[in-house]
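A short write-up of the structure that comes next.
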Amino acid sequence: MTLTYSSYRKLGRGDSAPEFDLPGTDGRSHSLSEFRGKPVLIIFMCNHCPYVVPKLAYFIELQNKYPELQVIGINSNDSDNYREDSFEKMKEYSEKYSFNFIYLFDESQETAKAYGAECTPDPFLFDAGLKLVYHGRFDDAHGKKHEEGKTSEMEDAVRQLLEGKEVTVQALPSCGCNIKWK
């Protein structure tokens, strides 16, 4: 495991979300365009990362608390060398943790590359026009449950967005395991 931070070299505030069409653990294929007109939180994540697992309940909470927001998890890890991140294991984790958000498999890793994702979790918040409004950490509780943090940058950004305000939350980088590249 290599501790890695979000990168800001690819997408910047106001940039359009790159399109994708990926298989989901719900048995359907999902494209980004099906969510146009609705704010979207895309989280690059995986099944076993010690920085993701403590946040899983918070991802579920965000989807419950803000139904007008679509939360999408994307696993881009190399599942050939990291079997815990296979599509079958993704389905198991979705069921085990009762995911209420869409969980997609980026087997080719092209989606992660298009977004410039580097770590897990690496969250990107887009407005209803699919323009980036926030790319940064969830809170200051890296590797811990959200409740253990003192800040809540992502939720602050979500609230500003849903209230029709400009998102002014400072984008401090997320931190976690590096994406396992092929």
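Among 167-177, 92-102, 39-49, how do they line up from the highest to the lowest mean number of other beta-carbon atoms within 10 Å?
Sorting 167-177, 92-102, 39-49 by mean packing, highest first, produces 39-49, 167-177, 92-102.
Please identify the trypsin sites (Lys or Arg not before Pro) of the stretch 106-170 that satisfy two criteria: DSSP loop assignment and at most 12 other Cβ atoms within 10 Å. Which are they?
LYS150, LYS165
Which of the GluC sites (Glu not before Pro) across the stretch 102-171 are loop residues per DSSP, with 10 or fewer other Cβ within 10 Å?
GLU163, GLU166
Would you mind giving the three semi-axes, in whole Å and largest first, of the ellipsoid equivalent to the chain according to its Cα gyration tensor?
In descending order, the three semi-axes are 22, 18, 16 Å.
With both bridge residues required to lie in the chain, what share of the DSSP beta bridges run antiparallel, to the nearest 5%?
That works out to approximately 65 percent antiparallel.
A 32 angstrom limit on the alpha carbon distance is what I want to check against. Which of LYS55/LYS131; LYS89/LYS165; LYS96/LYS165 exceed it?
Listed pairs above 32 Å: LYS89/LYS165; LYS96/LYS165.
At a threshold of 8 angstrom on Cα-Cα distance, excluding pairs fewer than six apart, so keeping six or more, what relative contact order does the stretch 3-178 reach in percent?
RCO, the stretch 3-178: 32 percent.
Kirkwood Rh, Cα Rg: Rg to Rh for the stretch 27-68?
Here Rg/Rh amounts to 1.01.
Sort 6-18, 66-78 for me by packing, meaning the mean count of neighbouring Cβ atoms within 10 Å per residue, highest on top.
66-78, 6-18
Bear in mind these aren't lab numbers, they're just calculated from the coordinates by the rules spelled out. Just so it is clear, the structure is predicted and the values come from calculations on it, not from any experiment. A quick note on method: Cβ atoms are made from the backbone with ideal geometry, for glycine too, and the neighbour counts reach across all protein chains shown.
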